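A short worksheet on the structure shown next.
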Amino acid sequence: MLILEMLGAPGSGKTTFSNELVSELKGFNIITNSEISEQLRNEKGNKIYRFIREFLAKEAFIFNIRIIKYLLSYRVTFDRVKWAKNFIRFNKILESLKRERRFDLLILDEGILQLVTSIPHDIEIKKNPAFYKLMCSISTLYSDTVFINCELELSEIIKRLRARNNPNHRFDNVPQEKLIELIKIKKTNLNTVLTSLNEANKVISLNLNDINKKEKVNKILFENKKINAKNDQ
């Protein structure tokens, strides 16, 4: 299963581009963030027990410990703990999907790298051993992921956020000056994360307004489809 993970500042077109790809790609069995979220909402049973079991799972334990050490690099808040928990759960789901091999393509408008930046959120990432060890694990575990860095000018991002005006999003309803500060921090953190990946990790940068953006992604998809077909023979 090939994973396409969009990342970028809020309002940079991650969801827009993801939806465009899903609606246009034919011949792929696709799963998206929204379907994963629906699966999580419909899960039954004791959530605390399930989380403990997932945290202690042998195959993910070292990775989960690195998430916790990264979290503890910052002042611990309710929001940061929530994002760390989401990080652990999300990684578990992705690993399960990769093992099942039921899908050709997973398109994420919010993924693993975005979660790395969500824990510090309003401050710059601390480039300490906890961060680099976590990034080393991500580079290895997600070596088959294509990371798509969605870029837009700051003025256009602000315009899109104001038009979106989602009360549930922590960027959409802050004052203009604070919003500009948060977006600049997010862009800095995304750059820190991307430059910390291994050279073998595939990263492409796209602008939502680039008329050739779909052709660039399609080239990667069909190259990988050929590889997958050969591997399945």
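The values are calculated or read from the model by the stated rules, or taken from the named source; none is laboratory data. Please read these numbers as outputs of a predicted model, since none were measured by experiment. Using ideal geometry, Cβ is built from the backbone for each residue, glycine included, and neighbour counts are taken over all protein chains shown.
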Does Ala163 count as surrounded by fewer than 17 Cβ atoms within 10 Å (Cβ to Cβ) and farther than 28 Å from Ile138 by Cβ? yes
Residue among Ile93, Ile119, Ile107 that alone is among the β-branched types (Val, Ile, Thr), touching a Phe, Trp or Tyr at 6+ places or on another chain (Cβ under 7 Å), surrounded by 13 or more Cβ atoms within 10 Å (Cβ to Cβ) and within 29 Å of Cys150 (Cβ to Cβ): Ile119
Consider only pairs whose beta carbons are under 9 Å apart and that are at least six residues apart or on different chains; among these, list those whose first residue lies in the range 104-131 and is under 17 Å from Arg170 (Cα atoms) and whose second residue is acidic (Asp, Glu) and assigned to a loop (DSSP other than H, G, I, E, B). Ser118/Glu110
Among the residues of the range 84-96, is any in a helix (DSSP H, G or I), touching an Asp or Glu at 6+ places or on another chain (Cβ under 9 Å) and of a type in the set (Gly, Ala, Ser)? no
Could you grab me the full set of residues in the range 49-66 that are closer than 21 Å to Cys136 by Cα, of a type in the set (Phe, Trp, Tyr) and surrounded by 14 or more Cβ atoms within 10 Å (Cβ to Cβ)? Phe55, Phe63
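Can you name the residue in the range 167-188 that is of a type in the set (Lys, Arg) and surrounded by fewer than 17 Cβ atoms within 10 Å (Cβ to Cβ) and is also farthest from Ser12 (Cα to Cα) among such residues? It would help to see each step written out before you state the result.
Going residue by residue through the range 167-188, those that are of a type in the set (Lys, Arg) are 170, 178, 184, 186-187.
Those left that are additionally surrounded by fewer than 17 Cβ atoms within 10 Å (Cβ to Cβ): 170, 178, 184.
Values: Arg170: 15, Lys178: 17, Lys184: 12 Å.
Looking at the filtered set, the residue picked out is Lys178.
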Kindly indicate whether any position in the range 98-118 is under 18 Å from Arg41 (Cβ atoms), over 13 Å from the mean Cα position of the chain (by Cα) and not hydroxyl-bearing (Ser, Thr, Tyr). no
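Being of a type in the set (Val, Ile, Thr) and not in a loop (DSSP other than H, G, I, E, B) is the filter here; which residues of the range 165-202 pass it?
If we filter the range 165-202 for residues that are of a type in the set (Val, Ile, Thr), which is where we start, we get 174, 180, 183, 185, 188, 192-193, 195.
Once the filter is applied, which keeps residues that are of a type in the set (Val, Ile, Thr) and not in a loop (DSSP other than H, G, I, E, B), the range 165-202 yields Ile180, Ile183, Ile185, Thr188, Thr192, Val193, Thr195.
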Considering residues of the range 146-159 that are in contact with a Ser or Thr (Cβ under 8 Å, 6 or more places away or on another chain) and outside any strand (DSSP E or B) only, the residue surrounded by the most Cβ atoms within 10 Å (Cβ to Cβ): Ile157
Kindly indicate whether Lys14 is among the basic types (Lys, Arg) and touching a helix residue (DSSP H, G or I) at 6+ places or on another chain (Cβ under 9 Å). yes
Out of Glu20, Glu43, Glu24, Glu38, sole residue that is surrounded by 12 or more Cβ atoms within 10 Å (Cβ to Cβ) and among the acidic types (Asp, Glu): Glu20
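Looking only at the range 179-220, which residues are of a type in the set (Gly, Ala, Ser) and under 16 Å from the mean Cα position of the chain (by Cα)?
So in the range 179-220, the residues of a type in the set (Gly, Ala, Ser) come out as 196, 200, 205.
Answer for the range 179-220, where residues must be of a type in the set (Gly, Ala, Ser) and under 16 Å from the mean Cα position of the chain (by Cα): Ser196, Ser205.
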Sort out which residues of the range 110-145 are modelled with pLDDT under 95, farther than 16 Å from Trp83 by Cβ, assigned to a loop (DSSP other than H, G, I, E, B) and not polar (S, T, N, Q), and write them in order of number. Tyr142, Asp144
